[in-house]
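Bear in mind these aren't lab numbers, they're just calculated from the coordinates by the rules spelled out. This one's a predicted model, so the numbers in the text were calculated from it and none came from an experiment. Quick reminder, even Gly has a Cβ in these numbers, built from the backbone with ideal geometry, and neighbours come from all protein chains shown.
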């Protein structure tokens, strides 16, 4: 694992304590930490939540395949609790949904018939909705493996081609339900609706003419669960834990994976304007600096991020993942341990010319910039993002000058939510960062508002670089589907 | 009006198997009448009757219902024959209605479904049986979709917002209803034409302040609204929408003012068209009428005073709003960007 | 961790440097020891009152959790049962709580000093700890301050405290009115060299500084512009100091001032002047309002309503408007900036809410105007009302068409009849305490047939306090505010009925009588058994505080006891002056503690006179005692003459008393003459007089 020093104290303490307390207590502890904003950045929040979920799953009383419903429900409830603690930290929902996906995938792998049993599938769904009773979710019966004959793939007949498509698109660790087009109907209010996608849309389209379960073709495999080999109630906990650990690894490796794309995006002698201080961004720049000579124009991001931004320039880089470090230095090719000097490398020390400008200078400098590079707090399904305050101005300015805006981010920051009310997703920070509280003239006479986040609509972003590849804002919905499938878990 | 009874009570006796289809000279055929070997079937009348009898029914659903009626009367042995009759029925319906865009969505969907069903070697009797069985569900399912859509869309309506909309749209009204139920306060600016007044009076009755503005004031009022919410008769394959005349203008002005434009539409209104502009639409409407004669000035009243025509929606002018003007399309399948709608629709149809 | 142990070797960066062996402790004093929130605090302790719809104590606890505190000792007195209950039910008592919390109730604690003495006895404190009151709102991370404190402790063993201060401009809204203090800091503005509580009334009186100060610190910074956050990092050596100085009550006026004045202690106190972050203490209604103002405007982030500290569902919208879910607003209701509305509240048509805080399940009528109003839970406000910056407590009911001016307080469950205009100074409550009824401080105001209301008129306290404590539009200019030196002693604790379990007494007996009897007995007993004066002071103090007696009562009791004692001792004419001298000399410290100004002197003399009435040799004794008091500087010309001229107050004089008074005539005449020609040597003269006797 990674050295504890990398974490802020609150997170380090939490990660340390989480293994020694009951999962419920750990949840409350995390809730408190989130409320007090002791854990803030999306990465740290993601790590804490993943660790908590690991603990939670390993302590949950539901371990068997047949009990997966219970496990899923418990994880959902846990998710709701943590999200309620910090609703603007959308990454919590992402992680919880990923873990739900892991559980469902394990269920499906263990027993295709039972897989995704909690999601109303195919015929069962049609029937439920056909009688206008949304609650008739047979999947909620415990041990539904044998009880719900339609929970398999009753629609392989008219949905066969999509299934194959879906399978063929199955990449990396993303999971795709075998028959996700039927998932739309889940929950009476399918909101926020992450399950857009061809399958989903197709489902919606043909929903009107959908077959009813009674008339399922007799030769459908889903109708004959009895004919299958006897149902085996496997213990899935181990696999789920394994999956969560993989997720944790993903969080550790994100920077490095994103940074791998840097060479194709930063070219020699380019002038790159940079906003934000995220470790991903730093790693990206550091990696590029190994091969390229370029100029970085840092935006100060006053007042909330100015200190962090300056730290990027002067403090040791946080790009300290073991492999990342190895690749960073000049001796990257050789497998030598890194020297202290290299660990302390800053942008300037690796030969990048850095210029720090105040936010107000962005328009003036923009015309000379080749590219704008940003980190982000969270990416939303419609291609918009929530990030450091001031980003919208920068992006808008870049658009005016036709300068491409590139955003680097781990895929864990991609949220399946739709920004219905972007304002409500933005955090407003301490007013005292803007103006000293002691200044009674100001405090008494002016309203001070300090949003720490900015909502940047998708049309202002040209490209997202994630650890699973590059996407345009318009195509992000595909990535959303890959990451979260069509499981439409309402957690907020 | 003979078909009224059959429309409401779909228990037709099983057609006796005879020798295929009677070929009729199209020139002599009445508009909207399909010649079957079992006799004539006035699909237009059936369709209009459905719409008249159920005010909540949307045009595509009415079209599907009419087609099911038609299918039940076809007693052909071969798939080709079956499809041929079906296609003729669809054509007859489309041709007999002045603005068939919305209903054609239903027709296309139906046809596509039949094709898929049959492709999986299911016999026609099964198909007919299935359709018969689901017959009654179409309406409820369509309403379910609208309800769900309203729930999704109502999230856009935040407390204290001002919405601009055009004409009367059931889905838009449904969204506003949900918002009202959630104690969200909002006000509405609506253009006066095409049922705008109707919407206004309904909303005002429910306690929503509404401003009715002339079409010419859209640009003037735009700065005072938070976003634009419009219904759509149809969503086309490029992600654009077809809606009442004036929509394109409103969207253009909204875009210019930097306001979001959300189109609201159930997925069964997705149409298999790929228009580039308003003149590509498969309808004839003489909006632009060059003339030297004062007396031949067009009567605008014709299109929006007749209440029924308005409801049925086949007698009003429409225009096409290109996808670039739209922020998002709200459907029961979620909030989609126009480009994703386009991409996915193309995948389905082709 | 002992301050000297290996700080540098701590492995972790940040939070809790002190390794597992030493817990970071905090002491919360959940009692204000004053009555500024009356009459609300008759029913609920201050720390449980809602501030932005979250109990005040939550802010303090969250702040301490943020600071990485691991153990909390919460001392409470008034309404201790409510506090105990609240803490027990809260998340802080669960296993997941970041700290262990222990609620300690002691009937004897009447001041901060008492808590510290209690703390010393309890031996619960092992290390340096954080001392706060239960009404702190702050978001500053304590870790850095703790670190600094530790470093200082290493460098300077005599450092016993670090106080957190904020600079604030004099006109700042959040500056507590009437709480002015002068801090003298060293050149680097780190060390506090002197603390002086500033009384507005005698601002001309000279301030005494330790003589050495000027020599040791040629450059000093005199600052009055501090907001004292009342957040202290206190060394474990401090509680014993309080035990040593059993009369220290206040942590600033007594302790800080005392420890710095007296060089014998050789202790040093440091200041941490905040550069960023928020810290404030709810000391009064004015600061309550000011801090609420700051919370709404996100100065205290993350401790703002939308953090939902107490399981709420607040959402933040632009303009600092916080709304919980399930708020029902009429279409035409207007919510302006800086408002907070709790769940289940409904607001009628055309109602304007601007800058108001509204709790849960309130019903606000039509056409109501709420400007900066603070409304707690389950309140009903009728149509066409207009409310200013006032507090409407839970379950209150305001009828249609009422006007409530800024500064008014409507306490729990009060019903205001429709069409009533409530003036600024009004305080309404349903609660009444026996004592207050008896002393006639409450006027019953019958507002309807069913409900009788009590208008709370806190006439006991000086009106400055009243004015200071009131809110909003009522902010008095600072110079009008005054804290008499005794206010802290005088201040009531917050329980009305707590004495029930105290000393037994008959129900017909008024509290004043009861106190008098007990104090008299105790003092007389002590005198007879020749206890040391310190013990007497202690006993008297305890009695006074537990009975909530006024100093006037103390003087009366003392006078009675002293006279009884003297009379019993005197056997012959000869030893009169001897007995008087001896007694008075012995009791000097006691007298010193009850006489503060001219009126007090006159009053004491009056009591003595009354006690002597009818006694044998009353006149002689009067003269002797008067002279002795005069000689010991307990009485001055003014006091004596005041007594002489004004007689014995409103009760008038009985013939016996007049007789007594006449006995002192010669002495008083002499004083009068002395007064006229001031150059004469007093001592000589007085001796002469004595001889004459």
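Results, tabulated for the structure shown:
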read-out: Kirkwood Rh (inverse of mean 1/r, distinct Cα pairs), the range C:583-632, angstrom; value: 11.3
read-out: Highest average packing first - B:192-198, C:36-42, Cβ atoms within 10 Å; value: C:36-42, B:192-198
read-out: Cα gyration tensor, the range C:295-343 - rounded (a/c under 1.5), prolate or oblate; value: oblate
read-out: Spacing of the two label points (7 Å from each Cα toward its C-beta) at residue A:293 and residue C:156, in nm; value: 5.4
read-out: Efficiency of FRET from Cβ geometry, residue C:171 and residue C:337, R₀ 30 Å, rounded to 0.05; value: 0.85
read-out: Share of Cα-Cα pairs in the range B:33-147 lying beyond 20 Å, as whole percent; value: 37
read-out: Shielding of C:138-145 by partner chains, average beta-carbon count, 10 Å; value: 1
read-out: The range C:224-320 - Kirkwood radius from inverse mean 1/r over Cα pairs (Å); value: 16.5
read-out: For the range B:231-288: relative contact order, % (alpha-carbon pairs under 8 angstrom, 6 or more apart); value: 41
read-out: Stokes-Einstein D (µm²/s) once Rh is taken as the Kirkwood radius of the range C:91-192 over alpha-carbon pairs, at 4 °C in 1.567 mPa s; value: 76
read-out: Rg/Rg_globular for the range C:523-680, with Rg_globular taken as 2.2 N^0.38 Å and Rg from C-alpha atoms; value: 1.00
read-out: Within 10 Å of each Cβ in A:422-434, the average number of Cβ atoms from other chains; value: 5
read-out: For residues of C:93-99, the mean tally of beta carbons on other chains within 10 Å; value: 5
read-out: Residue A:356/residue A:246 FRET efficiency (R0 45 Å; Cβ-Cβ; nearest 0.05); value: 0.70
read-out: Length released on extending from residue B:192 to residue B:126, taking residue separation times 0.36 nm less the Cα-Cα span; value: 18.9 nm
read-out: Calculated FRET efficiency for the pair residue B:52/residue C:318, C-beta based, R₀ 56 Å, to 0.05; value: 0.70
read-out: Full-extension gain in nm, residue C:95 to residue C:417, via 0.36 nm per residue minus C-alpha separation; value: 111.1 nm
read-out: Cα gyration tensor shape for the range B:181-257, rounded if a/c is under 1.5, else prolate or oblate; value: prolate
read-out: Ordering of C:86-94, B:319-327 by packing [mean C-beta count within 10 Å, highest first]; value: B:319-327, C:86-94
read-out: Pairwise label distance in nanometres, residue C:538 with residue C:221, each label 7 Å out on the Cα-Cβ vector; value: 4.1
read-out: Label-point gap, in nm, between residue C:182 and residue B:204 - each point 7 angstrom along Cα→Cβ; value: 7.2
